[in-house]
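Below is one structure, written out as structure tokens; comments come after it.
The values are calculated or read from the model by the stated rules, or taken from the named source; none is laboratory data. Because the structure is a prediction, the values reported are computed rather than measured. Backbone-built Cβ (ideal geometry, glycine too); neighbour counts: all protein chains shown.
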Amino acid sequence: MQDPVFSLLDVERSYELRGSGWFNRSSRQLKALDGVRLELQRGDTLALVGESGSGKSTLIRLMLGLEPASDGRVLYGQRDLAQLDAAERKRFACEVAFIYQNARGSMNPRMRIADILAEPIRLHGLCAEHDIPARVAALLDRVGLPAGLLQRFPGELSGGQVRRVAIARALAAEPEVIMADESVAGLDVSVQAQVLNLLRDLCRESGITLVFITHDLGVASYLCDKIAVLYLGRIVEQGPTDAILNTPRHPYTRALLQAFPRFDVPLKASLSGEIPSPVNLPQGCRFAGRCPQVQTACRATDPSLTALEADRQVACLFPVTAA
Amino acid sequence: MNRALALNPQAVEVPASQDALLEVSNLTLRRGKAVVLDGVSLALHSGETLGLIGESGAGKSTLAMALIGLLRAPEVQLEGSMRFRGTELVTLREADYRRLRGNKIGLIFQDATAALNPCFTVGEQIAEPLKRHLGLSKWDRRERAAELMHSVGIPEPALRLDAYPHELSGGMQQRVMIAIALACNPELLLADEPTSALDVTIQAQIMELILDRVRALNSSAVFVLHDLALGAQVCDRIAVMYAGQIVEEGPSERVLAAPLHPYTQGLKSCVVELGSSTLVPIPGQIPPLNAMPAGCRFAPRCPRAQAICGEQRPVAETRDGRQIACWFID
């Protein structure tokens, strides 16, 4: 078996919250991620799924090296992200691309599309200066946009076009890994379908490894072969997409699936309450407060992620039976 | 499951002639030269829920804002008629509109964070319509506000009355909005994408709550939605809008299960369902308002378009219990 592209070894990320007043200097800890273990193989397409506040974006920021882990290690290949030197860091930036959630906000409004796409090529010195226009045009063509947009500014483009430009920019340095944060959220269904098809074709054709954050299980299942479900900074279930959709073993995964609107199943509020604050984590299982099948043991013991089947892991003391 | 029938046995069988709670006929809204809504007609009966569905730019929110009188002359020009309980809204004086708004017609905005006033406690904001429309005393208002908060599922309402909006989560803020909209037991509730900013688990809670309250008050509701599957579950009737026109309207289980208009069919094939393996996007996009095609507005993107579609606007026909505006219905 090949070496994994990314390995996360018991990664933890916590933030210190200081009291605001003169007499209130006591500090508390907000644990955004706690004991996350994850392995990403070359060519994998992984969806990180969970409600807001579950730690999806923090996880991706750690994997991009934008934030250090408070504890544990994030390995890119064999190297610890925290120990990369400047040259390695630059190579990492070339090989791993990020598509921001707010595509429009991630572009300089005063730069033309041609310059936005040329920047990563120039930065990494990927081709001679006179070849850049041809390469930029090819990029735009690859994401299905007309060459006429090259001289436009981001503000002149529609929401769907801006997302495509963001994808083109991520492809500019010919990365091996693309990470995308909610790249289709807030788009109209027809535009969302176009962007999803584009991403799926790109991954299939060029074997790019994809990490995709989404709160939409439908999008996750369309785009990704694997799903990791996060809740309050922990991975509560991960495995192949089909298995997760057909036989969810964690009650939280099952509740997420039930809340997903479908044409043929009446809508049902599967969970009461909201995701609790990560500042005061409950003792025992984090999901116990909202779990429909909570038992006494759940409030005392914090379940760890354990393998149920070959490539299927669940963090629950009483997993839902497969039936 | 046939949700619409379970909800309201008469939903499908109501004859069009019976007095509707809300009757919009041939409503046209212009902004300068641009025709934003073009000949919109629909009827809503007591106890019914209607979903307005379509892409952005279809005019869904514009229609909702026109209904509640937030888009009026001189900002826009309205033609046609909107009758609420027989009262003509197009020509209604602003002073009279104010008596309806927040009282007989409630509104839930999409973005609760932006819609709530950050300078007032949520208790004060819920109490505002109670003072204005019902003239309750200060003490009664506070008590009623707490009851309303309890009815929309906010825990410990007595404590939360004095909370400011920023102290509540997005889901809780949306619940406050619902409490405000329902404060005076409206006969009609307009909800503009009430859950699009929320997680699916919270979305299910909020939708269940709105439907539950609407049923308890025996009111009607108009939802602006972009999620077709959600529309199928919460609405008795669906009106599919495209570029300011209603292209297909009818009972939700028929419109969404077996759409007849090519646009509705296109929309449905774009929806990501659990385990979908192919998505077929609709090519192109909604034309800009100043360059609308002369005939059918969907013609440039339509797989079925022929010469006549580019020249003449199709008239809505009744087919299979619904209204469809297309020259070539299957």
Index of the failed condition, residue A:172 passing every other in (1) in contact with a Pro (Cβ under 8 Å, 6 or more places away or on another chain); (2) of a type in the set (A, V, I, L, M); (3) within 14 Å of chain B (Cβ to nearest Cβ): (3)
Segment A:48-81, residues that are more than 15 Å from residue A:96 (Cβ to Cβ), buried (at least 17 other Cβ atoms within 10 Å of the Cβ), modelled with pLDDT of 90 or more and not small (Gly, Ala, Ser): A:48, A:49, A:56, A:58
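Just for segment B:282-292: of the residues that are out of contact with any strand residue (DSSP E or B) (no Cβ under 8 Å at 6 or more places or on another chain) and surrounded by fewer than 17 Cβ atoms within 10 Å (Cβ to Cβ), which one is farthest from the other protein chains (Cβ to nearest Cβ)?
B:291
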Residues of segment A:47-74 satisfying the condition of being in contact with a helix residue (DSSP H, G or I) (Cβ under 9 Å, 6 or more places away or on another chain) and among the polar types (S, T, N, Q): A:52
Among (1) at pLDDT below 90; (2) buried (at least 16 other Cβ atoms within 10 Å of the Cβ); (3) within 30 Å of residue A:246 (Cα to Cα) - the single one residue B:277 does not satisfy: (2)
Residue in segment A:257-274 that is surrounded by the most Cβ atoms within 10 Å (Cβ to Cβ), counting only those that are within 17 Å of residue B:153 (Cβ to Cβ) and within 8 Å of chain B (Cβ to nearest Cβ): A:271
Candidates B:198, B:211, B:225 - the one that is touching a helix residue (DSSP H, G or I) at 6+ places or on another chain (Cβ under 7 Å), surrounded by fewer than 22 Cβ atoms within 10 Å (Cβ to Cβ) and not aromatic (Phe, Trp, Tyr): B:211
Residues being assigned to a helix (DSSP H, G or I) and out of contact with any Leu (no Cβ under 6 Å at 6 or more places or on another chain) - total across segment A:119-146: 17
Verdict on residue B:175 being basic (Lys, Arg), closer than 28 Å to residue B:98 by Cβ, touching a Leu at 6+ places or on another chain (Cβ under 6 Å) and buried (at least 19 other Cβ atoms within 10 Å of the Cβ): no
Qualifying residue in segment A:307-314 (condition: under 23 Å from residue A:13 (Cα atoms) and either in contact with a Pro (Cβ under 7 Å, 6 or more places away or on another chain) or in contact (Cβ under 8 Å) with a residue 12 or more places away in the chain (or both)): yes
Condition broken by residue A:296, with the remaining ones in (1) without any contact (Cβ under 8 Å) to a residue 12 or more places away in the chain; (2) surrounded by 18 or more Cβ atoms within 10 Å (Cβ to Cβ) satisfied: (2)
Pairs, first facing chain A (nearest Cβ under 7 Å) in segment B:220-234, second buried (at least 24 other Cβ atoms within 10 Å of the Cβ) and among the hydroxyl-bearing types (Ser, Thr, Tyr), C-beta under 6 Å, six or more apart: B:232/B:252
Qualifying residue in segment A:177-187 (condition: farther than 23 Å from residue A:51 by Cβ, in contact (Cβ under 8 Å) with a residue 40 or more places away in the chain, away from chain B (no Cβ under 13 Å) and in contact with a helix residue (DSSP H, G or I) (Cβ under 8 Å, 6 or more places away or on another chain)): yes
Residue match in segment B:153-174 (condition: under 21 Å from residue B:117 (Cβ atoms), of a type in the set (S, T, N, Q), in a helix (DSSP H, G or I) and within 14 Å of another protein chain (Cβ to nearest Cβ)): yes
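Matching residues to (1) among the β-branched types (Val, Ile, Thr); (2) away from chain A (no Cβ under 14 Å); (3) over 16 Å from residue A:190 (Cα atoms); (4) in contact with a Pro (Cβ under 7 Å, 6 or more places away or on another chain):
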| residue | (1), (2), (3), (4) |
| --- | --- |
| B:238 | yes, no, yes, no |
| B:246 | yes, yes, yes, no |
| B:265 | no, no, no, yes |
| B:272 | yes, no, no, no |
| B:280 | yes, no, no, no |
| B:305 | no, yes, yes, no |
| B:313 | no, yes, yes, no |
| B:319 | no, yes, yes, no |
| B:329 | yes, yes, yes, no |
All positions within segment B:108-119 that are assigned to a loop (DSSP other than H, G, I, E, B) and either among the aliphatic types (A, V, I, L, M) or loosely packed, with under 14 Cβ neighbours inside 10 Å (or both): B:116, B:117, B:118, B:119
Segment A:55-100: number of residues that are closer than 30 Å to residue A:160 by Cβ, in contact (Cβ under 8 Å) with a residue 60 or more places away in the chain and part of a loop (DSSP other than H, G, I, E, B): 3
Residues located in segment A:14-38, provided they are of a type in the set (Lys, Arg) and modelled with pLDDT of 85 or more: A:31, A:37
